[in-house]
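Down below is the structure, laid out as structure tokens.
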Amino acid sequence: MLPMRPEVLKGHLDALLLAVLEAGPQHGYAVIEALRTSSDGTLDLPTGTVYPALHRLERAGLITSDWETVGGRRRRAYRLTASGHAVLGEQRMIWDQFSTAVTAVLGRRPWAATV
């Protein structure tokens with residue numbers, strides 16, 4: 001599998017993070033692990049990408065967070081807000097439309113036959 005270039009994620013990271021948090025509250029490392037696992041390792045994102053995005057989503061009111069102590073360690077657990085759920089629904093519709101259009105274009109072969 002080809003490694004995912006950061007520019008490919010541009011514009012999609014927020015939706016991916018919201019989708020991961022739809023399953024319920026998770027701390028930052030669990031979010032990173034969920035992205036990695038659910039994408040078979042393709043989305044192996046560094047903390048320097050994920051945590052700033054989580055903080056941005058929280059400032060936008062799409063997620064909220066609380067401190068919790070697990071195994072003697074304090075960590076922040078993130079969860080979707082009602083606005084986050086709504087935005088995720090919108091992002092899914094946009095993604096479905098976009099991916100269908102891109103697949104239609106990239107799936108056509110050979111281009112010369114349609115000209």
**Prompt:** Quick one: length gained pulling residue 30 to residue 10 fully straight, 0.36 nm per residue minus the C-alpha distance?
**Reply:** 5.1 nm
**Asked** Over the alpha carbons of the stretch 6-109, what is the largest minus smallest coordinate on each principal axis, giving the biggest first in Å?
**Response** 58, 28, 21
**Request:** Would you calculate the separation in nanometres between label points at residue 90 and residue 23, each defined as 7 Å from the Cα along the Cα-to-beta-carbon direction?
**Result:** 2.6
**Asked** Given a cut-off of under 8 Å on Cα pairs at least six residues apart, what relative contact order in percent is computed for the chain?
**Response** 25
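The numbers here are math on the coordinates, done by the rules we state, and not lab data. Keep in mind that this is a model prediction, so the values were computed, not measured. A quick note on method: Cβ atoms are made from the backbone with ideal geometry, for glycine too, and the neighbour counts reach across all protein chains shown.
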